[in-house]
Amino acid sequence: MTYYRAPQNSTLNATASRTTADQPDEKFAYFPAFVKVQGKKVVVLGGGEVAAGKLRLLLRSHANITVIAPEVCDDVANMHKTGQITWERAPFVDTMINGAIMVFDATDNPHLTKRVEAATKRRNILLNVVDKTAHCDFIVPAILDRAPIMVTISTGACAPALARMLRQRLETVFPASLSNIAKIARDARETVAAHLSDSLSRQRFWTRFFQNALRADNTGKVTPDDLAHELRTFVPQGSSATVPSGQSLQVTISADNAYDIPHGIAGNIETADIIFHDTDVAPDILALARRDATLISMSSSIDKHGEIPDTGLAISKQIQFFTQQGMNVLRLCHN
């Protein structure tokens with residue numbers, strides 16, 4: 001048996017080297033990240049409908065937004081009138097972007113873009129030129145908004161329409177009530193941390209809470225009282241946390257890719273701490289596992305007599321050991 005971390009974790013195993021056969025050949029053109037803009041200056045050049053579209057998205061953040069344009073459309077003018085943005089009614093001057101962390105150029109003016117690009121580079125400010133990828137330091141992905149949860153999809157600027165279509169499909173998968181569940185969890189983080197001092201206990205608690213909260217018949221009904229009840233159940237009478245026994249599950253799949261995996265089985269893979277799996281389980285299915293999950297390949301080995309030993313008992317003992325440590329264990333078989 002071979003032990004290693006989940007495929008999306010590049011820090012490989014403790015006992016064996018991993019091949020790169022299941023890793024994507026193409027590297028990121030853009031590194032996926034979220035930039036903190038709260039209380040920071042963000043500049044938008046241009047006052048037309050394209051600029052208004054970017055501003056509507058930016059107004060979902062807590063950025064301090066400055067628009068630079070001699071004239072603006074009605075939507076942008078209303079944003080200024082209501083105090084949502086600052087409007088610099090003048091032609092662009094380099095010093096106008098001083099102190100900004102990012103700049104959006106929505107002017108569609110090649111000569112101005114050249115000046116803005118030079119100005120941002122001198123100041124190490126990130127630049128996005130709308131629909132001009134070659135001039136962009138960053139791009140804006142398609143966004144599924146369930147604030148405080150944000151699901152973003154990017155095709156590396158090569159197929160924006162495809163990203164939008166994928167986002168539209170996800171709109172039907174993630175309920176609007178997901179936002180409420182995330183807010184309840186956010187507000188309870190300190191309380192949970194005070195009751196559960198070790199990370200393993202907290203991980204067990206949150207996994208159980210979210211599994212219950214995301215049941216199809218429950219997503220719109222979760223309240224802070226439900227979380228408080230879960231916490232009382234997990235830590236009886238407010239005592240210091242003890243790690244509960246983990247669970248073990250065995251499932252058999254016939255699918256050869258993650259797309260064909262039933263939703264319930266995908267959920268089991270995503271929440272497992274330890275996954276024992278057949279060697280012919282597809283890499284993209286194993287990639288559903290958490291980054292910190294441990295994957296154990298149940299590869300048969302031939303002993304010195306040329307026979308394949310029975311590893312079933314050894315695996316059962318390991319599963320029992322892991323569950324006693326409070327870990328959720330999945331045995332994933334392929335037929």
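The values are calculated or read from the model by the stated rules, or taken from the named source; none is laboratory data. Just so it is clear, the structure is predicted and the values come from calculations on it, not from any experiment. Every residue, glycine among them, receives a Cβ derived from its backbone with ideal geometry; neighbour counts consider all protein chains shown. Just the protein is used for accessible areas: all its heavy atoms, side chains included, with ligands, DNA and RNA removed. Shrake-Rupley method; radii C 1.70, N 1.55, O 1.52, S 1.80 Å.
Things worth noting here:
- Label-point separation, Ala194 to Thr152 (7 Å along Cα→Cβ), nm: 3.4
- You can think of it this way: the chain between Ala182 and Thr133 has 14.3 nm of extra reach, that is 0.36 nm per residue less the Cα-Cα gap.
- The slack between Asp74 and Arg122, meaning 0.36 nm per residue of separation minus the straight C-alpha distance, is 14.0 nm.
- The Leu57 and Ala314 beta-carbon pair, evaluated with R₀ = 45 Å, returns a calculated FRET efficiency of approximately 0.25.
- For Lys41, the lysines whose Cα comes closer than 21 Å to its Cα, not counting residues fewer than 8 places off in the same chain, are Lys54, Lys81, Lys121.
- The listed peptides 249-257, 53-61, ordered by packing as a protection proxy, come out as 53-61, 249-257 (highest mean of other Cβ atoms within 10 Å first).
- Rounded to the nearest 10 square angstrom, His229 shows an accessible area of 100 square angstrom against a 1.4 Å probe.
- In this structure, His334 and Glu270 have a Cβ-Cβ separation that, at R0 = 25 Å, corresponds to a calculated FRET efficiency of about 0.90.
- Net length gained if the chain between Lys81 and Ala282 were fully extended (0.36 nm per residue, minus Cα distance): 66.8 nm
- Distance between the stretch 43-64 and the stretch 165-223 - C-alpha centres, whole angstrom: 31
- Förster radius 45 Å - calculated FRET efficiency between His111 and Leu170 (Cβ-Cβ, nearest 0.05): 0.70
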